[in-house]
1. Would you work out which of Ser222, Leu189, Leu126 lies farthest towards the positive end of the dipole of the chain, given +1 charges on the beta-carbon of Lys and Arg and -1 on that of Asp and Glu, about the Cα centre?
2. For Met21, enumerate residues with amide H under 5 Å from its amide H, sequence gap 5+ or separate chain, H modeled in the peptide plane.
3. Taking 1 over the mean of 1/r across every pair of different Cα atoms in the chain, what Kirkwood radius in Å do you get?
4. Show me 119-128, 251-260 ranked by packing, highest mean number of other Cβ atoms within 10 Å first.
5. Using the Cα centre of the chain as origin and beta-carbon charges of +1 (Lys, Arg) and -1 (Asp, Glu), tell me which of Gly298, Val64, Cys99 is placed farthest towards the positive end of the dipole.
6. Step through the residues of segment 104-116 one at a time and calculate ³J(HN,Hα) from phi using the Karplus curve (6.51 cos²θ - 1.76 cosθ + 1.60, θ = phi - 60°), rounding each to whole Hz and writing x for Gly and Pro.
7. Find how many whole Å separate the alpha carbon centroid of segment 97-140 from the alpha carbon centroid of segment 289-313.
8. Computed over the Cα atoms of segment 172-221, what is the ratio Rg over Rh, Rh following Kirkwood?
Amino acid sequence: MTTVEPTGPSPRIAVVGSINMDLVVRCQRLPRPGETIMGLDAREVSGGKGANQAVAAARLGAHVSMVGRVGSDGFGETLRNCLQAEGIHTAHVARTPGCSSGLAIVAVETSGENAITVVPGANGRLSPEDVRAAADVIEAADVLLLQLEVPTETVIAASGIARSAGTRVILDPAPAPTDVPDGLLAVDLLCPNESEAAALTGLPVASDDDLRVAADRLHAMSGAGVIITLGECGALYRAGETGEFVQMPAYRCTAVDTTAAGDAFAAGLALRLAEGADVAESVRFANATAAIAASRHGAQPGMPTRAEVEQLIADSSQSTTE
């Protein structure tokens, strides 16, 4: 395996997306519809898919710029301060008068499975005008990370700015839309999980063959390379140029909170691609980043450093040769 080591200045990653306060309730198991259960504990944790990816990329060593909105409530200042504490550039994180910050109610069972309800708040006010005002940081980035917890027209506008400037665009299509507007999937890489791939294509994903058919459909819909994340089974990559499929295994971990594992994956992928690694090497690194995040409680608190990711990769490589 050839590894491309980082050289020169830190890669530049721009993130356009959501910024939430997560109210996290830990429980033995998720409640069934209509059921009331007792929780184990509750915490306030900074989150939102966009902010999670920004924090993960910053901890991995990237120079990160965040484009988003927070509300005029008490959470807004806290969320902005948390991003700044991670060294993230927040000049394009706007306060939204008369609007609450984004809020996520996260129930996490002891197995690590979770159920999430998101109230968009200020995230729903992030507009194409906001991303046009941030065009300088998007155009200067090596990679732009996008998700779908902000309006789709804003995502499309950001992607258009990036692609016109030659900035690589990665879309994590979560939550998956019921209708896919024109231009939304016009990116370089699509990174859905299994359920999102099924929702976008209308196809089943119950088997390996199903996954390959779904990946082919996603490529036909977008022209992009496709990576379907598979949790403990790793990730399936479909090269956009050749149509070749590569199955990348996951790294072993004891999952305690999978809330932000997909966000950690996206950040790890973006970082290595920005450093010049090929997709296979980048997915390997992303899988390791996601594994560590899933083994810790909390979305942003659980994001690993680069040293931790490289240590996991080294330890796993050593164990396979013994």
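1. The listed residue farthest towards the positive side: Leu126.
2. So Met21 has HN proximity to Gly47, Gly102, Leu103, Ala104.
3. 19.5 Å
4. Listed from highest to lowest mean packing, they are 119-128, 251-260.
5. The residue sitting most towards the positive pole is Cys99.
6. Once θ is set to phi - 60°, the couplings for segment 104-116 become 10, 9, 10, 9, 10, 8, 5, 6, x, 5, 9, 9, 10 Hz.
7. What the calculation gives is 22 Å, centre to centre.
8. 0.93
Each value in this text was obtained by applying a stated rule to the coordinates, not by laboratory testing. No experiment lies behind these values; they were computed from the predicted model shown. So basically every Cβ, Gly included, is an ideal-geometry build from the backbone, and we count neighbours across all protein chains shown.
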